[in-house]
Amino acid sequence: MTELRRRMREDLQLAGFAPMTQQSYIDAVRRLAKYYKRSPALLTEEEVRRFFLYLINDRKSANSTVTIYLCAIKFFYETTLKRTWNIFDLVRPRHVKKLPVVLSGDEVRTILALIRKPVARMALTTIYSCGLRVSEAARLRVEDVDGERNLLWVRNGKGSKDRSVPLSEPTLASLREFWLKTRAKEWFFPGREGEHINIATLQRAFKAALLESGIAKNASVHNLRHYAESRIMPSQRGVTTLNPLIVATPLCLTRHNHRLLRKARRLSSGQYRPGATSNGVVLAKASSFIFRSAWT
């Protein structure tokens, strides 16, 4: 590790960034150096400007990718090298709102059935059932499964926060059966050399099963989290009556769409009367979003 990279990692640690964020930032600066084939400390502001144009125009990078590069490179130059450049105020990737990829319950079950490694299959099933992030499932410990209260504890999740999530009886039974086979002592989903299962292993297993299933959707492990079966089964839970329609609402509703739905519910019950025009707009927006995002 070079002295410059070590210094940047230390600065990221002092700033309180999560380990995965630290690595993403360091990788972004490393790619900047690779593009020019020299140390990023020797680059000029104009060269950094041209690199962002390369990302946007030549590589056609997604806005979220450009944002990661912007945050990483800005941190490197302003915090580690103490340079203040106007280019970092100029680069502003437009935030694009896209509808999420939706997997039906049958599609998820098909994908999970094609995963041959028991550890990966059980980990991905837990992600789907409990709505975990892939990193949270990989780092799940044996003591985090609270069978007596049907809870699963997530330690040091996003934002360094702990939380508990409901654990359904079928999932708990599957976890118990899985543990009786592995007898894991620390990590519930063990990997190599006493470590937990690698996140990349879960991602590769999901992608391979998705490809084998023939399902023509650009889904990822994260899609399992947004459509956790234990929280939104259309036939059992999460059903919203929107006069005169009955639809299933997915987990990924944004705050704005939650507000639309609340207004729509109040409209249908007669509690909200802002005016005829507003009524139609609220119902139209809520109905349009739900139909585009509901389970297939």
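No value in this document is a laboratory result; all are computed from the given coordinates. Just so we're clear, the structure is a prediction, and the values are computed from it rather than from any experiment. Neighbour counts are summed over all protein chains in view; Cβ atoms, including those assigned to glycine, are modelled from backbone coordinates with ideal geometry.
So the values come out like this:
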read-out	value
Segment 119-227 - Debye-derived log10 I(q)/I(0), Cα point model, q = 0.15, 0.20, 0.21, 0.23 Å⁻¹	-0.62, -1.08, -1.18, -1.37
Residues in segment 53-84 that a label on H222 would reach, taking backbone N under 17 Å of a point 7 Å out along Cα→Cβ	61-72
Quotient of C-alpha Rg and 2.2 N^0.38 Å, computed over segment 3-90	1.02
Packing-based order for 180-187, 205-212, using average beta carbon neighbours within 10 Å, highest first	205-212, 180-187
Long-range HN-HN contacts of L151 with modeled amide H, under 5 Å	D146, L167
Translational diffusion of segment 67-140, µm² s⁻¹ [Kirkwood Rh, Cα pairs; Stokes-Einstein; 20 °C; 1.002 mPa s]	132 µm²/s
